[in-house]
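**Student:** Below is a structure I'd like to ask you about.
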Amino acid sequence: MNTLLPTSTAGSLPKPSWLAEPETLWSPWKIEGNELSDAKKDALRITLQEQHHAGIDIVSDGEQTRQHFVTTFIENLDGVDFDKRRIVKIRDRYEASVPTVVGPVSRPRSVFVEDAKFLRSQTDQPIKWALPGAMTMVDTLYDAHYQSREKLAWEFAKILNEEALALEAVGVDIIQFDEPAFNVFFEEVNDWGIACLERAIEGLKCETAVHICYGYGIKANTEWKKTLGNQWRQYEEIFPMLQKSSIDIVSLECHCSHVPIELIELIRGKKVMVGAIDVANNDIETPEEVAATLREALKYVDADKLYPCTNCGMTPLSREVARGKLNALRAGAEIIRKELTSL
Ligand SMILES: [Zn+2]
């Protein structure tokens, strides 16, 4: 990236209301069959145009072609039965009905490669593609086959690597793995989580990122956050290992959270996608608020490694609020760029 402080989003962006129920997770599609694939493409064009318009530097598909950041990927794999459902506790936090792993998992076909090819054909800007991380996938399933979170995660890591290599081949510049589960299962992260992440990025020449957050602004997450106290020090448990890993970029939550910002120091040397936009409320940040977060982060990240970003995905927000937040992100980054270049 030649741009100083290149902006991007953590992942999902709101879908148009003709495609899916707005402001809802796991929202069912409103269109079916061939019309659905055309509609998803149109939504992708719109989300891209909105990012272009807002002046976002590293653009994405806004996850317009997926119902959910984990489930849609898993739906395309063999070995998981979506009709056999069990209630499990996701991230030790909220109960959900999830599919069951019934046999060896494999990837019979590519999942997002056609979508990524389409996105590549629509823009010359750098593109980032998000995939779920292996630990977060394991945590969103009931496993009746491997009966070992570590073994299942390792199999997923191999599958993710196949998909990532195929995404790289069609021109994706940054591949990101979403691992909110890293913020909960510290021991597992250090025992096998990072090893699985390394397996997933094996052989990639494009840039790689891991996104670790406190989740979407949904009720289960906001309730959980209330129990975390005044200082959210979860990153402290995992950053030292991540700093030693070969991942290029760490995407983290910052603005309006209780994460002590100095914890960023623990990943010194990595590029950092700093969350300067809160996704858990509808207030649109002012450019100066965004700039203040970035200015603070600059104490712990070198300017050439600071990537202004959102705290998490914005799919549960209205399109209008999301657009406002994208504009604020760009404008806030612009303030700091000017400060840095006028020194
Ligand atoms: Zn997130």
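**Student:** Residues that are farther than 24 Å from Arg93 by Cα and out of contact with any helix residue (DSSP H, G or I) (no Cβ under 9 Å at 6 or more places or on another chain): does the stretch 192-214 have at least one? Before the answer, list the steps.
**Tutor:** Here is the first cut: in the stretch 192-214, the ones farther than 24 Å from Arg93 by Cα are 195, 198-209.
Retained after the next criterion (residues that are out of contact with any helix residue (DSSP H, G or I) (no Cβ under 9 Å at 6 or more places or on another chain)): 207, 209.
Checking the stretch 192-214: at least one residue is farther than 24 Å from Arg93 by Cα and out of contact with any helix residue (DSSP H, G or I) (no Cβ under 9 Å at 6 or more places or on another chain).
**Student:** Name every residue in the stretch 144-162 that is more than 19 Å from Phe82 (Cβ to Cβ) and among the hydrophobic types (A, V, I, L, M, F, W, C), in order of residue number. Break it down into steps so the answer makes sense when it comes.
**Tutor:** Just the residues of the stretch 144-162 that are more than 19 Å from Phe82 (Cβ to Cβ), to begin with: 147-151, 153-154, 157-158, 160-162.
The answer is Ala153, Trp154, Ala157, Leu160.
**Student:** Further question on the same structure: Give the stretch 290-304 a look and list any residue that's surrounded by fewer than 18 Cβ atoms within 10 Å (Cβ to Cβ) and either assigned to a helix (DSSP H, G or I) or modelled with pLDDT under 95 (or both), or say none.
**Tutor:** Selection gives Ala292, Arg295, Glu296, Ala303, Asp304.
**Student:** Of the numbered conditions (1) within 16 Å of the ligand (Cβ to nearest atom); (2) in contact with a strand residue (DSSP E or B) (Cβ under 9 Å, 6 or more places away or on another chain); (3) under 28 Å from Ile201 (Cα atoms), Ala297 satisfies every one except a single condition; which is it?
**Tutor:** (1)
**Student:** Now for a different question. Tell me, which residue of the stretch 185-212 that is over 13 Å from the mean Cα position of the chain (by Cα) and not in a helix (DSSP H, G or I) is nearest to the ligand (Cβ to nearest atom)? Break it down stepwise before answering.
**Tutor:** Taking the stretch 185-212 as the starting set, the residues that turn out to be over 13 Å from the mean Cα position of the chain (by Cα) are 185-207.
Right, trim to not in a helix (DSSP H, G or I) and you get 185, 201-207.
Details: Phe185: 16, Ile201: 19, Glu202: 24, Gly203: 26, Leu204: 21, Lys205: 26, Cys206: 21, Glu207: 18 Å.
Taking the candidates together, the pick is Phe185.
**Student:** Which residues, taken from the stretch 157-184, are part of a helix (DSSP H, G or I) and within 16 Å of the ligand (Cβ to nearest atom)?
**Tutor:** Filtering the stretch 157-184 for residues part of a helix (DSSP H, G or I) gives 157-169, 180-183.
If the condition is that a residue be part of a helix (DSSP H, G or I) and within 16 Å of the ligand (Cβ to nearest atom), then Pro180, Ala181, Phe182, Asn183 are the ones that fit.
**Student:** Given the conditions (1) crowded, with 22+ Cβ neighbours inside 10 Å; (2) out of contact with any Asp or Glu (no Cβ under 9 Å at 6 or more places or on another chain), and given that Thr310 satisfies all but one, which numbered condition is not satisfied?
**Tutor:** (2)
**Student:** A follow-up question, please. So if I check each of Thr123, Thr72, Thr65, which one is buried (at least 22 other Cβ atoms within 10 Å of the Cβ) and among the polar types (S, T, N, Q)?
**Tutor:** Numbers: Thr123 fails: buried (at least 22 other Cβ atoms within 10 Å of the Cβ); Thr72 fails: buried (at least 22 other Cβ atoms within 10 Å of the Cβ).
After applying the criteria, what remains is Thr65.
The values are calculated or read from the model by the stated rules, or taken from the named source; none is laboratory data. Not measured: the values here are computed from a predicted model. Quick reminder, even Gly has a Cβ in these numbers, built from the backbone with ideal geometry, and neighbours come from all protein chains shown.
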